[in-house]
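S.K.: Below you will find the structure I want to go over with you.
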Amino acid sequence: MIVVMSPQASREQVESASELLRSRGLIPVSSTVAGVTVLITEGTDGPELATVLESAPGVDRVVTVSGSQRLTSRVFRPEDTEVALGSAGGAVFGGTGFAVIAGPCAVESPAQMNAVVDSVVASGAVMLRGGAFKPRTSPYSFQGLGLAGLTLLAEQRKRTGLPVVTEVVTPEDVKCVAEESDMLQIGARNMQNFELLREAGASGRPVLLKRGMSATIEEWLLAAEYVLHMGNSDVVLCERGIRSFERGTRFTLDLSAVAEAKRLTHLPVIVDPSHSTGKPHLVTPMSLAAASCGADGLIVDVHTDASNAMCDGAQALDSEQFSTLMGRLKPVVEAVGRTLS
Ligand code: E4P
Ligand code: PEP
């Protein structure tokens, strides 16, 4: 159950609604979303309590949700949430547009960043990606440039005026990553790092939440719930492939999860065709399919010298492939009634 207080509700009215819930054995957890206080309970006490609460002073409405989702649920918020980044006309996820984020998997050097960024901007990317803190399977693999990488990414943000997203892997780093970027990426491997989710939520920065490689749709949405519960509703979900028996692709891109997540939640959903397939020749077909099934955008790995890339070079598109992808995407995006932003 979600008790939505009116924006003018006094502290006493919030406390009295909470007390009413407690008197029925429910434990309310309070959260403030977009300036509105909501009281969330795990269970419900039947329709009679909702009626009583709805006439209590300071209560705007009561939403009874049946599953475990609360603030991420379309029942709570039927209309699509739009997450806008950058200045006017920047990247908007969840509206009528379709936004493409592109850049290298990892930030490597000023020259590499200049080359890749120039190429993706020329082809129409509206937001840049680049990892400074890389979550690698092996401790001997390149771990990212860390703070120096963040600085290089921030330089590209300043040079191009485009918003940037980069991964944060520990709660302690949230503050500095939030200062240097427009959006915090929480990667597949950290999707259920609850302290990281809470800290990212508290930062107030928009969050790009990738689906864990073994996470169900419900677990993914409940991970997002942690961020919303901290009062931050600027969350974009990203399907990036799940583990299956198939070894011909790096992961198995679950496009049905995109359509299902869009049905269950008001949050925008984008697709990562690079990490999911691991193969450049699959990136374009999966991107077109993502646009067709209702995704709100893409995040694509691009490198101008992929054979020497320090991370995931095998899945990166080169400049020409990315430009071709953007050209092919436009009519598909328009065919489903949207515009390539
Ligand atoms: C890059 O974005 C990730 O850190 C990478 O996909 C992790 O994979 P690996 O360390 O298994 O190569
Ligand atoms: C990434 O996008 O840099 C990344 C590490 O992706 P994922 O968390 O999906 O593996």
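S.K.: Are any of the residues in the range 110-130 at pLDDT 95 or above and in contact with a Cys (Cβ under 6 Å, 6 or more places away or on another chain)? Don't jump to the end; show me each part of the working.
M.R.: First, pick out the residues of the range 110-130 that are at pLDDT 95 or above: 110-130.
From the residues that got through so far, the ones that are in contact with a Cys (Cβ under 6 Å, 6 or more places away or on another chain) too are none.
No: zero hits.
S.K.: Checking Leu267 against (1) within 18 Å of Pro285 (Cβ to Cβ); (2) surrounded by 24 or more Cβ atoms within 10 Å (Cβ to Cβ); (3) touching a helix residue (DSSP H, G or I) at 6+ places or on another chain (Cβ under 7 Å), which single condition isn't satisfied?
M.R.: Condition (1) is where Leu267 drops out.
S.K.: Does any residue of the range 283-294 turn out to be surrounded by fewer than 18 Cβ atoms within 10 Å (Cβ to Cβ), at negative phi and within 15 Å of ligand 2 (Cβ to nearest atom)?
M.R.: no
S.K.: State whether the residues of the range 313-322 include one that is of a type outside the set (A, V, I, L, M), open to solvent by less than 10 Å² (accessible area, probe 1.4 Å), more than 30 Å from Val36 (Cβ to Cβ) and within 15 Å of ligand 1 (Cβ to nearest atom). If you could, list the steps in order and put the result at the bottom.
M.R.: Our first condition is that a residue be of a type outside the set (A, V, I, L, M); within the range 313-322, this holds for 313, 315, 318-322.
Now drop any that are not open to solvent by less than 10 Å² (accessible area, probe 1.4 Å), which leaves 315, 322.
Remaining after also requiring more than 30 Å from Val36 (Cβ to Cβ): 315, 322.
Filter again for within 15 Å of ligand 1 (Cβ to nearest atom), leaving 315.
Yes, the range 313-322 contains a residue that is of a type outside the set (A, V, I, L, M), open to solvent by less than 10 Å² (accessible area, probe 1.4 Å), more than 30 Å from Val36 (Cβ to Cβ) and within 15 Å of ligand 1 (Cβ to nearest atom).
S.K.: Are there any helices (runs of 4 or more DSSP H) wholly within the range 96-182 with 2 or more residues that are within 16 Å of ligand 1 (Cβ to nearest atom), and if so which? Step through it out loud before you land on a result.
M.R.: Numbers: elements: 110-123, 147-160, 174-180.
Correct list: 110-123, 147-160.
S.K.: Additional query: Output the residues belonging to the range 96-151 that are touching a Leu at 6+ places or on another chain (Cβ under 7 Å), within 12 Å of ligand 2 (Cβ to nearest atom) and open to solvent by 10 Å² or more (accessible area, probe 1.4 Å).
M.R.: none
The values are calculated or read from the model by the stated rules, or taken from the named source; none is laboratory data. This is a predicted model, so every value here is computed, not measured. Neighbour counts are summed over all protein chains in view; Cβ atoms, including those assigned to glycine, are modelled from backbone coordinates with ideal geometry. These accessible areas exclude ligands, DNA and RNA; they are computed on the full protein's heavy atoms, side chains included. Shrake-Rupley method; radii C 1.70, N 1.55, O 1.52, S 1.80 Å.
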